[in-house]
Amino acid sequence: MTIESDQSYARIEKEIDCLKDQLSGRTYDMYELDLLRSAAAKAAGFWPECSVCQNSLEAISGLLKDAAEPSRMRGAVLKNYSKTFRKVVKHLQENHGIVRRSILMRSLFGGMLLGALPGLAASVAGIIMQDNAIVAIGFGTLFLGIVLGIWLGLRAGRRRSAEAEAEGRFL
Ligand SMILES: [Zn+2]
């Protein structure tokens, strides 16, 4: 971090602390302010080498101003809030290898879907060709594929989680 990014992050952190006192717990969670704090910390870390992250810190300051006035957080303001928030997080994920905590579940489901594909394709082909044997093979493969996919997905997810943890890449 540079002095400039340090100051900028310190200011954001202070503002979020104020919001935590100011807003109800439900509103604080709804605005995902803990996640925003974490995103600000990461953006501050990439500040020297990345102009997008410099802009992200500015954008986050703007979001905090909106969050401070819940009565304004509707319609276009709310829409802009979630859009800007998503953009900041997406940049960290795509350009700096930052990952979300949900990575394990996402790997599991990804594996499950991939595993289901061959069996699904065979089942559909069997149904189209009206061939019961192929349908039976398809369903058998579907079950095996799902089990195998979950297992592989979990394994890959655990490995990616552990790597992200060790490298401090979790948001
Ligand atoms: Zn960046």
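The values are calculated or read from the model by the stated rules, or taken from the named source; none is laboratory data. Keep in mind the model is a prediction, meaning the values are calculated, not measured. Backbone-built Cβ (ideal geometry, glycine too); neighbour counts: all protein chains shown.
Mind telling me which of the residues ASP29, ASP21, ASP17 ends up being within 19 Å of ARG101 (Cα to Cα) and exposed (fewer than 14 other Cβ atoms within 10 Å of the Cβ)? Can you show your working first?
Working: ASP21 fails: within 19 Å of ARG101 (Cα to Cα); ASP17 fails: within 19 Å of ARG101 (Cα to Cα).
Just one listed residue meets the conditions, ASP29.
Listed conditions (1) outside the structural domain of GLU58 (by TED's automatic domain parsing); (2) in contact with a Lys or Arg (Cβ under 9 Å, 6 or more places away or on another chain); (3) within 30 Å of ILE60 (Cβ to Cβ) are all met by VAL89, apart from (1). Looking only at residues of region 46-64 that are within 10 Å of the ligand (Cβ to nearest atom) and surrounded by fewer than 14 Cβ atoms within 10 Å (Cβ to Cβ), we find that the one that is modelled with the highest pLDDT is SER51.
Just for region 65-119: of the residues that are over 23 Å from GLU167 (Cβ atoms) and within 16 Å of the ligand (Cβ to nearest atom), which one is surrounded by the most Cβ atoms within 10 Å (Cβ to Cβ)? Result: PHE85.
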